[in-house]
Structures are given as structure tokens and as C-alpha cells.
Amino acid sequence: MDQENIYARGWSHVLSTTNDVAELQAFAMRVGAPASALHLGKWPHLDLKLIPRARALALPEVRVFRRTSEMLRFLKARV
């Protein structure tokens, strides 16, 4: 998860390390994000803001990256 999207203040991206859509859907439910937060494509992800974002950032098991580019580099290195 990035701490904040530099192009959309107050928003964060959440990615699955395995591009698992079911995992993202379960995470969205866990933090109270609407179904519309899920975006499919090459990199399935959640766009979170407000309370769901705050809940996600507070979870100890969520790895938070300062910048989106750092998060993407980390994921690409895992492949």
C-alpha cells in the first residue's frame, strides 16, 4: 500500500503481491471500502480514501510504502 497517491491527495493504492482479486475484495470488505474501490486491469488494485484508508494504514500486517513508485519496484522485484 502506498502512503498517499501523489496525484490524488488523500487516496492510497492497495495492491496484492499475487494480483489476487479475491484477496483485494476481502481486504476491501475488512476495511469498509465500497465495491467501487476495486479496479481491475494489469495491476488489480484498490483505491482507498477516508475511513477505509485510515483503517488500512493502521493494520500492522500491511506494508506501507512512502511512494507509489517504491511499492511498484518492490512488487516487480518479486516476479
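Quick note: the coordinates plus some simple rules give every number you see, no bench work behind them. In this text the structure is predicted, and so the values were computed from the model without any measurement. When we count neighbours, we look across all protein chains shown, and the Cβ atoms used for this are built from the backbone with ideal geometry, even at glycine.
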Mind counting the residues in segment 54-76 that are among the hydrophobic types (A, V, I, L, M, F, W, C), free of Cβ contacts under 8 Å to residues at least 60 places away in the same chain and over 11 Å from Thr17 (Cβ atoms)?
6
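Inspect all residues belonging to segment 39-46 and state whether any of them is surrounded by 14 or more Cβ atoms within 10 Å (Cβ to Cβ) and either among the hydrophobic types (A, V, I, L, M, F, W, C) or in contact with a Pro (Cβ under 9 Å, 6 or more places away or on another chain) (or both).
Residues of segment 39-46 surrounded by 14 or more Cβ atoms within 10 Å (Cβ to Cβ): 44-46.
Restricting the remaining residues to those that are either among the hydrophobic types (A, V, I, L, M, F, W, C) or in contact with a Pro (Cβ under 9 Å, 6 or more places away or on another chain) (or both) gives 46.
Yes; the residues of segment 39-46 include at least one that is surrounded by 14 or more Cβ atoms within 10 Å (Cβ to Cβ) and either among the hydrophobic types (A, V, I, L, M, F, W, C) or in contact with a Pro (Cβ under 9 Å, 6 or more places away or on another chain) (or both).
For segment 1-39, give me each residue that is of a type in the set (Gly, Ala, Ser) and either within 17 Å of Leu75 (Cα to Cα) or assigned to a loop (DSSP other than H, G, I, E, B) (or both).
Initially, segment 1-39 is screened for residues of a type in the set (Gly, Ala, Ser), giving 8, 10, 12, 16, 22, 26, 28, 32-33, 35-37.
If the condition is that a residue be of a type in the set (Gly, Ala, Ser) and either within 17 Å of Leu75 (Cα to Cα) or assigned to a loop (DSSP other than H, G, I, E, B) (or both), then Gly10, Ser12, Ser16, Gly32, Ala33 are the ones that fit.
Assess whether Phe65 counts as being more than 17 Å from Glu4 (Cα to Cα) and either of a type in the set (Asp, Glu) or in contact with a strand residue (DSSP E or B) (Cβ under 9 Å, 6 or more places away or on another chain) (or both). Let's see the steps before the verdict.
Working: more than 17 Å from Glu4 (Cα to Cα): no; either of a type in the set (Asp, Glu) or in contact with a strand residue (DSSP E or B) (Cβ under 9 Å, 6 or more places away or on another chain) (or both): yes.
It is false that Phe65 is more than 17 Å from Glu4 (Cα to Cα) and either of a type in the set (Asp, Glu) or in contact with a strand residue (DSSP E or B) (Cβ under 9 Å, 6 or more places away or on another chain) (or both).
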Quick check on my filter: what residues within segment 17-40 are among the hydroxyl-bearing types (Ser, Thr, Tyr) and either under 18 Å from Met71 (Cα atoms) or touching a residue at least 60 places away in the same chain (Cβ under 8 Å) (or both)?
Thr17, Thr18
The one condition in (1) surrounded by fewer than 11 Cβ atoms within 10 Å (Cβ to Cβ); (2) in contact with a Lys or Arg (Cβ under 6 Å, 6 or more places away or on another chain); (3) not acidic (Asp, Glu) that Arg66 fails to fulfil:
(2)
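Can you tell which of His45, His39 is within 12 Å of the chain's Cα centre (by Cα) and farther than 14 Å from Met1 by Cα?
Every option except His39 fails the conditions.
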